[in-house]
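K.L.:
Here it is: the structure, laid out below.
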Amino acid sequence: MNLDTDREEPLMPRPGYPEGLRLARWLTDSIGNHQMRTATLMLGFYQDGYWLRRFTQDSALAGMIASTEPETRHLGGGMSLVLSRTSPEPPASIDWQRVADLLRTPELLADEDAEPGTDAPHLAALEIAVSLAAGRPVDLCRAARVLPASDWREILRHLENAATYV
């Protein structure tokens, strides 16, 4: 907060603050569904937000993030109230159905900057997140074979969180 004025300045991420976690927090801000929140957080922790960064930075995948409009409540008598947010960024979330549709053609998700043959673990993590958020079936046997143990443990931690909430 600037002591010379009455307004608060926007919070900037601290140095070392993981980009994936910052994106996940932004994307879960307007989500009420626990499974979708958990899936988004899982992607935020996976490889420092690999998929969240691609959804926000790769122009070919730009439609995977859906912005939401500010909520308007009608008070009656011709009056309405627009609920504004204190965040400088508009609320948004992952369009899980669109991501599920895109998984049918995984070649569209190929990362041009990655080494050839390294997409399998990334796709497995995304498939698990889509399964959690949108109920799409996933082949866990294949995922277990391609995901490194450290990534698999992190994903299982998020799945356990989602399972204990139900």
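K.L.:
Taking only pairs six or more apart or across chains, which ones have beta-carbon atoms under 7 Å, a first residue in region 126-148 that is on the phi < 0 side of the Ramachandran plot, and a second residue that is hydroxyl-bearing (Ser, Thr, Tyr) and not in a loop (DSSP other than H, G, I, E, B)?
P.N.:
Final answer for the pair search is 132/38; 137/131; 138/131.
K.L.:
While we're here: Can you go through 136, 98 and tell me which one is part of a loop (DSSP other than H, G, I, E, B) and open to solvent by 30 Å² or more (accessible area, probe 1.4 Å)?
P.N.:
Working: 98 fails: part of a loop (DSSP other than H, G, I, E, B).
Residue meeting the stated conditions: 136.
K.L.:
For the condition out of contact with any helix residue (DSSP H, G or I) (no Cβ under 8 Å at 6 or more places or on another chain), closer than 18 Å to residue 27 by Cα and modelled with pLDDT under 90, what is the one hit in 72, 68? Before you say what the answer is, go through the steps one by one.
P.N.:
Details: 72 fails: closer than 18 Å to residue 27 by Cα.
Result of the check over 72, 68: 68.
K.L.:
Also, quick follow-up: Residues of region 16-55 being aliphatic (A, V, I, L, M), assigned to a helix (DSSP H, G or I) and crowded, with 19+ Cβ neighbours inside 10 Å, which ones?
P.N.:
Selection gives 23, 24, 27, 36, 39, 41, 42, 43, 52.
K.L.:
Counting just the residues of region 102-125 that are touching a residue at least 12 places away in the same chain (Cβ under 8 Å) and of a type in the set (A, V, I, L, M, F, W, C), which one comes out most open to solvent (accessible area, probe 1.4 Å)?
P.N.:
Once the filter is applied, the top-ranked residue is 108.
The values are calculated or read from the model by the stated rules, or taken from the named source; none is laboratory data. What you see is a predicted model, and the numbers here were worked out from it, not measured in a lab. Every residue, glycine among them, receives a Cβ derived from its backbone with ideal geometry; neighbour counts consider all protein chains shown. Side chains are part of the model used for accessible areas, which takes the heavy atoms of the whole protein and leaves out ligands, DNA and RNA. Shrake-Rupley method; radii C 1.70, N 1.55, O 1.52, S 1.80 Å.
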